[in-house]
Amino acid sequence: MTRFLLVIAVLLAGCAAYDGRGLQPGVSTESDVRRLMGTPAVEFANADGSRRLAYPRGPLGAQTYMADVGADGKVGAVRSVLTDDTFQQIQPGMTRDEILRMIGPPGETMAFPRLKQVAWDYRFADTWGYQAIFSVSFNENGVVVSKFTRRIERDKGRF
């Protein structure tokens, strides 16, 4: 029985770490983030000494969390970024680096040689809970030229 409770406690701790829950802005440190959430897929260093850590998660990468850490090493925020609200902020003219910093690495990429474009695709749950794909296309200079969202299965696509 004791062994069973220990396994349950470990599983619950793992679930809590999945989205950074339990990290306290202004109190928790980058070390705390890495201990709870693991090694980030991508790390961004900012000119002011702060850092952003990207954590793609979920089935088929349907969630990405960004952990912002200040120059003092303290957590500023941990938030989910694959949302309709975040995607609305993406506009033509933005760069590949800006998109990577905003929503992290894509789940899939596809090249369109005749158009001289590359599309990055992100699976996510839209505002209504349906499985969807957000796609952003870049020209050969790495500049956003278009974006769109489509639901995968309208009838049975809820997560």
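Taken as a whole, the condition of being within 26 Å of Glu30 (Cα to Cα), open to solvent by less than 30 Å² (accessible area, probe 1.4 Å) and of a type outside the set (Asp, Glu) applies to Val81. Of all the criteria given as (1) more than 24 Å from Tyr122 (Cα to Cα); (2) in contact with a strand residue (DSSP E or B) (Cβ under 6 Å, 6 or more places away or on another chain); (3) outside any strand (DSSP E or B), the one not satisfied by Pro40 is (1).
Just so you know, in the stretch 112-128 the residues that are surrounded by 10 or more Cβ atoms within 10 Å (Cβ to Cβ) and basic (Lys, Arg) include one that is farthest from Asp84 (Cα to Cα), and it is Lys116.
Taking the stretch 136-155 as the region of interest, how many residues are over 17 Å from Gly93 (Cβ atoms) and not acidic (Asp, Glu)?
Result for the stretch 136-155: 5.
Here is a yes/no grid of residues against (1) within 14 Å of Ala62 (Cα to Cα); (2) in contact with a Phe, Trp or Tyr (Cβ under 6 Å, 6 or more places away or on another chain); (3) at pLDDT below 95; (4) open to solvent by less than 70 Å² (accessible area, probe 1.4 Å):
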{"position": "Met94", "(1), (2), (3), (4)": "no, no, no, yes"}
{"position": "Glu98", "(1), (2), (3), (4)": "no, no, no, no"}
{"position": "Met102", "(1), (2), (3), (4)": "no, no, no, yes"}
{"position": "Thr109", "(1), (2), (3), (4)": "no, yes, no, no"}
{"position": "Gln131", "(1), (2), (3), (4)": "yes, no, yes, yes"}
{"position": "Val143", "(1), (2), (3), (4)": "no, no, no, yes"}
{"position": "Glu153", "(1), (2), (3), (4)": "no, no, yes, no"}
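The values are calculated or read from the model by the stated rules, or taken from the named source; none is laboratory data. Remember, it's a predicted structure, so these values are computed and weren't measured experimentally. Glycine gets a Cβ as well: all are built from the backbone with ideal geometry, and neighbour counts include every protein chain shown. Keep in mind that these areas ignore ligands, DNA and RNA; they rest on the heavy atoms of the full protein, side chains included. Shrake-Rupley method; radii C 1.70, N 1.55, O 1.52, S 1.80 Å.
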